[in-house]
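The values are calculated or read from the model by the stated rules, or taken from the named source; none is laboratory data. Since the structure is predicted, the reported quantities are computational estimates derived from the model, not experimental observations. Here the Cβ positions follow ideal geometry from the backbone for every residue, glycine too, while neighbour counts run over all protein chains shown. For the accessible areas, the whole protein counts, side chains as well, though only heavy atoms, and no ligand, DNA or RNA atoms are used. Shrake-Rupley method; radii C 1.70, N 1.55, O 1.52, S 1.80 Å.
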Amino acid sequence: MLLSLLRNRLCASLHSSGRFYSDVSKLHPETAVFSFGDGSNGALGLTFSFGGDAYEPTQVPGLPPNISNIGVGHYHSLAVTSEGEVWAWGRNEEGQLGRGARAPRDSWNQPTRVEGLERVRVRAAFASGVASMAIDDNGSLWVWGKSKRGQLGLGKGITEARTPTRVEALAGEEIVKVSLGWGHALAQTVDGKLIGWGYAAAGRLGQLGKALEASNLSNSISPLSPKKSCSTLEDAENLVLHQIEREKHMPIIWGPCLVQELHAHKVIDVACGLDHSTVLCGDRVLLSGGDNSYGQLGRIVGGSDLLPVHTDLPVASVSAGLGHCLAICQVAGEAKRVISWGWNCSSQLGRQGPENRPQLVEGLAGETPLSVSCGRVHSLVLTSKKEIWTWGSGKNGRLGLGSSGDEAEPTLVESLAGWEILQAVSGFDHTLVLVAK
């Protein structure tokens, strides 16, 4: 009983801080990874369904038995072992798998160790649609992939890293979490600083990005020193293509820069949506900035600036999807609860009521959330019972419930009953689950 309690507290602490270190392997020396959802880019890692979908959680073959951390991009997947190795599978058009961009497409779905990190011990991995990143044991950040939006953070005009490359501009900073949007990135340091880079339009990188956009001086920003509304799922899938066209003349911050307006605040969590950002400060106040086409900023005033989300509840952690957000908060006299806000075309908010104001997901009453994760138009929560609940769009099996139907309220993924779930994260249209054997 005591050991179980300690495990729960450890996992809850790691999830809420945005960190899931390989120390978990000391409690769980043997693990497995399951996946479900859209397999069109090989992100499921399932050889029998390359180009197809998995409607229920299915174990990913070919991985080491000591995975301690998982991460997902929009269309690819990452796994970190307790020895600090990184494995990757899924879309590789931009070289985000770390095996060379010319790797045959029919090999994308096969988990393979990332090349170029043999002398680096990694503790966590993160990704966007076109890039992958890893934090090593020293808190250094490594990046690989290809992005015209400056998302690699390697300096002016550098749009590709064929092998993992350390972000030298962050030397001296210990990074504990990175979150990636469509073209921007935010990094959280161990001492609570927030650092951003990449596509900087509409305030998603704070005042620095807005100043750059207004002045159109994308080359003048120095490195870090010591939309249209959618009503259907098809609209959401087309939005990415629309963004690419719209961003031909984008303002870019090519190197990591401090988000200056937060210099007096300690940042304890960060989550980037497609083109908006959410930042949780040490006083449990949640800020949001960037695009607000779907109400994903959680407020009705303030434009795109980084300003407080309209909730009176103290927030513990946050996740952001294409146009909606989930957060874990503390309700007075109750256990922790989940709130949601933003786009709700496929019931991904899991509730009725105003979409642009955070409100409780009532279907989870009685469950204590450990972590939340947003996909393109679906949502997921991992509870203290080590169970997963999903809701929203069921297309391609992304809810893991055995069908393609939508769910308006949180629904238990029963096929994972009996497994001790350690971590669950969603990409745009697929989900990875880490379990203890």
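The peptide list 97-110, 394-407, 176-189, put in order of mean Cβ contacts within 10 Å with the highest first, becomes 176-189, 394-407, 97-110.
Measuring nothing but protein heavy atoms, the accessible surface of the range 61-211 at 1.4 Å probe radius is 46 percent carbon and sulfur.
For residue 423, the residues 5 or more places off, or on other chains, whose built amide H falls under 5 Å of its own are 434. Sorted largest first, the principal axis extents computed over the alpha-carbon atoms of the range 45-95 equal 32, 27, 15 Å. Note on the range 41-112 and the range 361-421: Cα centroid distance 22 Å, given to the nearest whole angstrom. Considering only protein heavy atoms and a 1.4 Å probe, what is the carbon-and-sulfur percentage of the accessible area of the range 309-437? Carbon and sulfur together cover 45 percent of it.
3J(HN,Hα) along the range 168-181, derived from phi through the Karplus expression 6.51 cos²θ - 1.76 cosθ + 1.60 where θ = phi - 60°, amounts to 5, 5, 9, 4, x, 9, 9, 7, 10, 7, 10, 10, 10, x Hz, with x in place of Gly and Pro.
Shape class of the range 102-186 from the alpha-carbon gyration tensor: oblate, with a/c at 1.5 or above and b/c at least as large as a/b. Counting only protein heavy atoms and a 1.4 Å probe, the range 114-156 has 34 square angstrom of accessible area per residue. Determine the shape class of the range 42-151: with a ≥ b ≥ c the square roots of the Cα gyration tensor eigenvalues, call it rounded for a/c under 1.5, and otherwise prolate if a/b is greater than b/c, oblate otherwise. Oblate, because a/c is 1.5 or more while a/b does not exceed b/c.
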